[in-house]
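What follows is calculated from the coordinates using simple rules that are stated; it is not laboratory data. These numbers were taken from a predicted model, which means no experiment stands behind them. No Cβ is skipped: glycine too gets one built from the backbone with ideal geometry, and neighbour counts run over all protein chains shown.
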Amino acid sequence: MNYQHWIQHFHANRLDRPEPDWEAPFTMPEEKRRLLALSLAEYQLGDGGGECCLVAVDAESYRGSTEDARQVVDLWFAEEHEHSRLLGRAVERVGGTFVTTTFGFELFYAIRRRLGVQFEMLVLLVVEIASTGYYRVIRRHVGDQPLADMCKLILRDEARHIDFHRDRLAFRYPRGVGWVWKWQMHLLAEACGWFLWHGHGRALGALGGTRPELFGHIRSGVVNFLAELEQCRAKAGRPAREPHAKQWLQATS
C-alpha cells in the first residue's frame, strides 16, 4: 500500500482550512438550539473526544506493522481530533454543555476494543460513512453559516478518510471482498444509522431533516464505497474472488 501518498495528503490537508466565523451573530429558536446543542456535544465526544487512537487489543499489529503505517494512523486520528475541536467550538456557539461519557460512547469503545483491529477499522469506516450523512443533513438544514462551514470542512476530511479505507482494503483483499464481508458492512451501516437516528434524530428533525434523508446518505455511501473498492480491483487487473459456493465445492471435492 502506498502509505507515502496518504502521509503527504494528511500533511497537505492541514493547509487551506478557513476557520468558521464563530463570532458571527447567532439566532435560532430555543427548542431547536437546545436539541442541536445536545447532539453536537455528544458528537464532539465521539468524534475524537475520547481516546484518539486505535484501541483494539491487537491495534499495534496494524499500527506498528511499518513506520509509514504508524504515521498514517497517527495523522488520521490527529485529523479526527481536529474535528473534535471544531465541534467543541460549535457546542460553544449554540450554548451547549460538554459531556464526558454516554452509553453510546462506552458501547462504541467496548466494541472497538474487544473484536480486533480489523473489525475496529471496519466499524470506524462505517461510522465515517454514517457521519457524512449526519453532517450533510445539518449542513443542508441548519441555517447558520459558521455551522454549515464546519460541516463542509469535516465532510472534506471524511471523504478522504473513506478513500484511505478503500485503498487499505483494496491492498488487503487484492481479489476483492466476498458477499459475507459486504453484507456485514451493510448490516453494520444499518445498525449505525438506527443508532444515530435514535440518539440524534430529534435534533436533525428539529432542523428539518428526515430519517429517509439520513438513511439515503448512509446507504448510498456504502453502495458507492463497495463499487469503488471493486473498481480498484478491476483497475489493478486482478481476478475477482470466486463465489463462496464454488470455493466450498472445490474445497470438499
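Quick look at the numbers
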{"quantity": "Helical mean residue ellipticity (222 nm; -39500 (n - 2.57) per DSSP H run of 4+; nearest 500) of the chain", "calculated": "-25000 deg cm²/dmol"}
{"quantity": "Proximal aspartates and glutamates to residue 182, defined as alpha-carbon separation beneath 19 angstrom and excluding residues fewer than eight positions away on the same chain", "calculated": "120, 128, 163, 167, 190, 228, 230, 242"}
{"quantity": "Label of the coordinate-derived value, Cα extents along the principal axes in Å, listed as [x] 54, 47, 37; [y] 68, 64, 38; [z] 69, 37, 33", "calculated": "[z]"}
{"quantity": "Residue of 182, 235, 32 that the Gaussian network model of the chain assigns the largest fluctuation, springs spanning Cα pairs under 10 Å", "calculated": "235"}
{"quantity": "Tensor-based shape of the range 33-172 (alpha-carbon gyration tensor, a/c under 1.5 rounded, otherwise prolate or oblate)", "calculated": "prolate"}
{"quantity": "Span-rule helices in the chain, defined as complete DSSP H runs reaching 15 Å or more along the axis (Cα) with Kyte mean at least 0.5", "calculated": "117-141"}
{"quantity": "Relative contact order [Cα under 8 Å, 6+ residues apart], the range 29-242, whole percent", "calculated": "25"}
{"quantity": "Environment charge of residue 202, counting only residues whose C-beta is closer than 15 Å and scoring Lys/Arg +1, Asp/Glu -1", "calculated": "0"}
{"quantity": "When the range 142-193 is reduced to its Cα atoms, the Kirkwood hydrodynamic radius in Å", "calculated": "13.4"}
{"quantity": "Choice from 14, 63, 140 with maximal GNM fluctuation in the chain (Cα, 10 Å cutoff)", "calculated": "14"}
{"quantity": "Total formal charge among the other residues, if their Cβ is under 12 angstrom from that of residue 97, Lys/Arg +1 and Asp/Glu -1", "calculated": "-1"}
{"quantity": "Chain lengthening between residue 1 and residue 58 when straightened (0.36 nm per residue, less Cα-Cα)", "calculated": "18.5 nm"}
{"quantity": "Proximal aspartates and glutamates to residue 32, defined as alpha-carbon separation beneath 20 angstrom and excluding residues fewer than eight positions away on the same chain", "calculated": "23, 42, 92, 144, 149, 213"}
{"quantity": "Label-point separation in nm, residue 65 to residue 184, each point 7 Å along Cα→Cβ", "calculated": "1.5"}
{"quantity": "Among 87, 187, 75, residue whose mean-square fluctuation peaks in a GNM of the chain (springs only between Cα atoms under 10 Å)", "calculated": "187"}
